[in-house]
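Quick notes on the structure that follows.
The values are calculated or read from the model by the stated rules, or taken from the named source; none is laboratory data. These figures come from a predicted structure and were not determined experimentally. Every residue, glycine as well, gets a Cβ built from its backbone with ideal geometry; the counts of neighbours run over all protein chains shown.
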Amino acid sequence: AARRPRRIPAVTDFRGLLRALSDAGVECILVGGVAATAHGSSRLTLDLDLVYRRSPENIERLVAALAPLHPYLRGAPPGLPFRWDART
(Lines give C-alpha, C1' and ligand atoms only; values in the text may rest on other atoms or scores of the structure.)
Protein backbone atom coordinates (compact mmCIF):
# COMPACT_ATOMS: atom_id res chain seq x y z
CA ALA A 1 0.00 0.00 0.00
CA ALA A 2 1.20 3.47 -0.85
CA ARG A 3 2.09 5.72 2.05
CA ARG A 4 0.07 8.86 2.41
CA PRO A 5 2.12 12.01 2.76
CA ARG A 6 2.22 13.33 6.29
CA ARG A 7 -0.03 16.34 6.77
CA ILE A 8 1.97 19.38 7.78
CA PRO A 9 -0.05 21.89 9.82
CA ALA A 10 -0.22 25.50 8.72
CA VAL A 11 2.26 27.68 10.53
CA THR A 12 0.81 30.76 12.16
CA ASP A 13 2.65 34.04 11.81
CA PHE A 14 2.95 34.63 15.55
CA ARG A 15 5.14 37.69 15.14
CA GLY A 16 2.67 39.30 12.72
CA LEU A 17 -0.25 38.50 14.99
CA LEU A 18 1.49 39.96 18.04
CA ARG A 19 2.45 43.04 16.01
CA ALA A 20 -1.20 43.55 14.96
CA LEU A 21 -2.35 43.30 18.57
CA SER A 22 0.37 45.67 19.75
CA ASP A 23 -0.30 48.18 16.96
CA ALA A 24 -4.00 48.16 17.91
CA GLY A 25 -3.13 48.86 21.55
CA VAL A 26 -4.54 45.54 22.82
CA GLU A 27 -3.55 44.97 26.43
CA CYS A 28 -2.49 41.32 26.72
CA ILE A 29 0.23 39.03 27.99
CA LEU A 30 1.79 36.06 26.25
CA VAL A 31 1.63 32.74 28.13
CA GLY A 32 2.13 29.08 27.25
CA GLY A 33 4.59 27.50 24.85
CA VAL A 34 5.50 30.59 22.83
CA ALA A 35 6.21 32.49 26.05
CA ALA A 36 8.42 29.60 27.18
CA THR A 37 10.24 29.66 23.83
CA ALA A 38 10.80 33.41 24.21
CA HIS A 39 12.51 32.60 27.50
CA GLY A 40 14.80 29.98 25.96
CA SER A 41 12.77 26.76 25.99
CA SER A 42 13.25 24.40 23.05
CA ARG A 43 9.58 23.38 23.18
CA LEU A 44 7.82 23.67 19.82
CA THR A 45 4.22 24.84 19.82
CA LEU A 46 1.75 25.51 17.03
CA ASP A 47 -0.56 27.85 18.90
CA LEU A 48 -0.46 31.20 20.65
CA ASP A 49 -1.83 31.57 24.17
CA LEU A 50 -2.75 35.08 25.27
CA VAL A 51 -4.50 36.54 28.28
CA TYR A 52 -6.17 39.85 27.48
CA ARG A 53 -7.68 42.58 29.62
CA ARG A 54 -11.46 42.20 29.56
CA SER A 55 -12.39 45.88 29.66
CA PRO A 56 -14.96 46.90 27.02
CA GLU A 57 -12.42 49.21 25.35
CA ASN A 58 -9.75 46.52 25.15
CA ILE A 59 -12.18 43.95 23.79
CA GLU A 60 -13.16 46.43 21.05
CA ARG A 61 -9.46 46.85 20.17
CA LEU A 62 -9.00 43.06 20.15
CA VAL A 63 -11.99 42.57 17.84
CA ALA A 64 -10.73 45.27 15.46
CA ALA A 65 -7.19 43.85 15.42
CA LEU A 66 -8.31 40.28 14.67
CA ALA A 67 -11.15 41.08 12.22
CA PRO A 68 -8.85 41.16 9.13
CA LEU A 69 -7.84 37.56 9.96
CA HIS A 70 -11.47 36.34 9.64
CA PRO A 71 -11.72 34.48 12.97
CA TYR A 72 -13.94 31.39 13.15
CA LEU A 73 -15.12 28.96 15.79
CA ARG A 74 -12.73 26.06 16.14
CA GLY A 75 -14.47 22.76 15.53
CA ALA A 76 -17.55 24.35 13.96
CA PRO A 77 -18.71 23.18 10.54
CA PRO A 78 -17.32 25.27 7.67
CA GLY A 79 -19.66 28.06 6.66
CA LEU A 80 -21.46 28.22 10.00
CA PRO A 81 -22.68 31.82 10.40
CA PHE A 82 -20.68 33.58 13.09
CA ARG A 83 -20.81 37.24 14.06
CA TRP A 84 -17.38 38.57 15.06
CA ASP A 85 -17.95 41.45 17.46
CA ALA A 86 -17.26 42.48 21.05
CA ARG A 87 -20.29 40.53 22.32
CA THR A 88 -19.18 37.21 20.81
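Summary table
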item	result
Those residues of the stretch 23-42 which are touching a strand residue (DSSP E or B) at 6+ places or on another chain (Cβ under 9 Å), closer than 10 Å to Arg61 by Cα and of a type outside the set (A, V, I, L, M), in sequence order	Glu27
Residue within the stretch 42-55 that is small (Gly, Ala, Ser), at pLDDT below 90 and over 16 Å from the mean Cα position of the chain (by Cα) present	yes
Any hit, the stretch 3-13, residues being at pLDDT below 85, surrounded by fewer than 10 Cβ atoms within 10 Å (Cβ to Cβ), part of a loop (DSSP other than H, G, I, E, B) and β-branched (Val, Ile, Thr)	yes
Filtered residues of the stretch 68-80 (kept if closer than 15 Å to Leu21 by Cα and either hydrophobic (A, V, I, L, M, F, W, C) or modelled with pLDDT under 85 (or both))	Leu69
Complete set of residues in the stretch 12-47 that are closer than 15 Å to Ala65 by Cβ, charged (D, E, K, R) and touching a residue at least 24 places away in the same chain (Cβ under 8 Å)	Asp23, Glu27
Of all residues making up the stretch 24-49, the number that are surrounded by 14 or more Cβ atoms within 10 Å (Cβ to Cβ) and not charged (D, E, K, R)	12
Selection within the stretch 50-77 - of a type in the set (A, V, I, L, M), in contact (Cβ under 8 Å) with a residue 12 or more places away in the chain and loosely packed, with under 11 Cβ neighbours inside 10 Å	none
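For (1) assigned to a loop (DSSP other than H, G, I, E, B); (2) within 16 Å of Ala20 (Cα to Cα), each residue gets a yes or a no:
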{"residue": "Thr37", "(1), (2)": "no, no"}
{"residue": "Leu44", "(1), (2)": "yes, no"}
{"residue": "Val63", "(1), (2)": "no, yes"}
{"residue": "Leu66", "(1), (2)": "no, yes"}
{"residue": "Phe82", "(1), (2)": "yes, no"}
